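All of the numbers you see were taken from the coordinates with simple rules; none came from a lab. Computed from a predicted structure; not experimentally measured. Cβ coordinates were reconstructed from backbone atoms using ideal geometry, including for glycine residues, and neighbour counts include every protein chain displayed.
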Amino acid sequence: MAGPAFRAAAVRVRVPATSANLGPGFDTLGLALGLYDDVVVRVADAGVHIDIAGEGAETLPRDENHLLVRSLRTAFDLLGGQPRGLEIVCANRIPHGRGLGSSSAAICAGVMAARAVTTGGEARLDDTALLELATEIEGHPDNVAACLLGGFTLAWTDGGAARAVRMEPAASLVPVVFVPAKPLLTQTARGLLPRTVPHVDAAFNAGRAALLVEAMTRRPELLLAATEDRLHQEYRAPAMTESADLVGRLRAEGVPAVISGAGPTVLALAADEGEADKVSRLAGEGWTANRLALDAAGASVLPLSAGPAGGSPGSESGSGSGAAVGGGSLTPGAGRAPGRSGDGPR
């Protein structure tokens, strides 16, 4: 069987940041946020060349070890064959190691771009297969489901196959993320979780997760109760004491606040723009507070001439049309370092 043909033109993929768990929905619930990475991929004659701007520009590998490239390669295998070479340009705005889905964004960008540059790619790799592939690479479906589908998602596995349902979050909600200066490895956070939990705690979280679906979509006034958790945040607190303290202070003020994903970023769900203004000022020093839009589109293939992506650097607001390509970051020190060499996993 002949391998696939590839399009000569470059493709551009935009992928949103995501917040997983949202309190009780461990490894299941996710929310897409209006902060984006952009990736441009073109099939080349030979080799792999990667240009990176923004988050991770100083540390990410610029070879086959980059998670984006590994995701591209895995998808190309399913699509029937590998191109001779790749030229890749990354404009990264999603902070790394902060619990905002940067690895899921890289994975989703890779599999989406591979499908887009392959002639007949959507017929060879449909949306269901795309979710399954991204989950296989990531290891759990919560972030990749929200990244691919946008909105508020509930993801699960059925016989090893990933499945997801997308829901529309209440339009009035305004996510506020508090990003600390220092990252935390997901493996570190996961390593703190116990192998078993009390039945009463599992039952508690089951009830809160069910309530959270209602609160996120129709009754946001229930969010404070709906975001309570007994399965993971208290166990991870020793690795992120400042984040745990901030969650406690925000919740004491009546603000639905949780650890975003594996942390250490804190996510607060403000009822409206006015509350978001107040919430943004509650963190104090050592945090970058950012109001973000809810992302409805999920991962998208866009024209190369598409407008700038959202999430402006160091500000207290963000939307789907903020920072220009190549600029914009939620963490200090993000820069630009084009070339071929580098180290450190995404």
Margin query: Can you list residues from other chains, or at least 5 along the same chain, whose modelled amide H is less than 5 Å from the amide H of D63?
Written below: none
Next item on the list: Kindly provide the trypsin sites (Lys or Arg not before Pro) of segment 1-94 that DSSP labels as loop, not H, G, I, E or B, and whose Cβ sees at most 12 other Cβ atoms within 10 Å.
Entry: R84
Check: Toward the positive end of the charge dipole of the chain, about the Cα centre and with charges on Cβ (Lys, Arg +1; Asp, Glu -1), which of P169, L292, G23 goes farthest?
Finding: L292
Checklist line | Cβ charges +1 (Lys, Arg) and -1 (Asp, Glu), total dipole of the chain, debye | finding: 420 debye
Next item on the list: Pull up all non-local amide H partners of D51: gap of 5 or more, or a different chain, and H-to-H distance under 5 Å with H placed in the peptide plane.
Entry: I88, V89, C90
Notebook entry, point to check: HN-Hα J couplings of segment 121-133 from phi, Karplus 6.51/-1.76/1.60, θ = phi - 60°, integer Hz, Gly and Pro as x?
Noted result: x, 5, 6, 7, 9, 7, 5, 5, 5, 5, 5, 4, 5
Notebook entry, point to check: Against the longest alpha carbon principal axis of the chain, how many degrees, from 0 to 90 and to the nearest 10, is the axis of helix 199-217 turned?
Noted result: 70 degrees
Item checked: Sorted peptide list for 147-156, 108-117, criterion being average Cβ within 10 angstrom, highest first -> 108-117, 147-156
Next item on the list: Would you look at the GNM of the chain, springs on alpha carbons closer than 10 Å, and say which of V197, V48, V258 moves the most?
Entry: V197
Item checked: Residue-by-residue Karplus 3J(HN,Hα) for segment 38-54, coefficients 6.51, -1.76, 1.60, Hz, glycine and proline x -> 10, 10, 10, 10, 9, 6, 10, 6, 6, x, 10, 10, 10, 10, 10, 10, x
Note to self: Highest mean first, how do 168-179, 272-283 rank when packing is the count of other Cβ atoms within 10 Å averaged over residues?
What the structure shows: 168-179, 272-283
Checklist line | A270 long-range amide H proximity, modeled H, under 5 Å | finding: V174, V176
Margin query: What are the extents of the Cα atoms of segment 174-291 along their three principal axes, in Å, largest first?
Written below: 41, 35, 20
Checklist line | the chain, relative contact order [Cα under 8 Å, separation at least 6], % | finding: 28 percent
Checklist line | Nitroxide proxy distance, nm - points 7 Å out along Cα→Cβ at S172 and L302 | finding: 3.0 nm
Next item on the list: Tabulate in residue order the Karplus-calculated ³J(HN,Hα) for segment 260-265, using 6.51 cos²θ - 1.76 cosθ + 1.60 with θ = phi - 60°, rounded to whole Hz; enter x for Gly and Pro.
Entry: 7, x, 8, x, x, 4
Notebook entry, point to check: How big is segment 83-180 on each of its three principal axes, counting only the C-alpha atoms and giving the largest first in Å?
Noted result: 44, 34, 25
Next item on the list: Could you work out the Kirkwood radius for segment 167-206, taking every pair of different alpha carbons, averaging 1/r and inverting it, reported in Å?
Entry: 14.3 Å
Item checked: Hull shadow area, averaged, the chain [alpha-carbon convex hull, nm²] -> 16.6 nm²
Checklist line | Förster-model FRET efficiency, 30 Å R0, R84 and A123, C-beta, rounded to 0.05 | finding: 0.85
Notebook entry, point to check: Working out 0.36 nm times the residue gap between V197 and E242, then minus their Cα-Cα distance, what length gain in nm do you get to one decimal?
Noted result: 13.8 nm
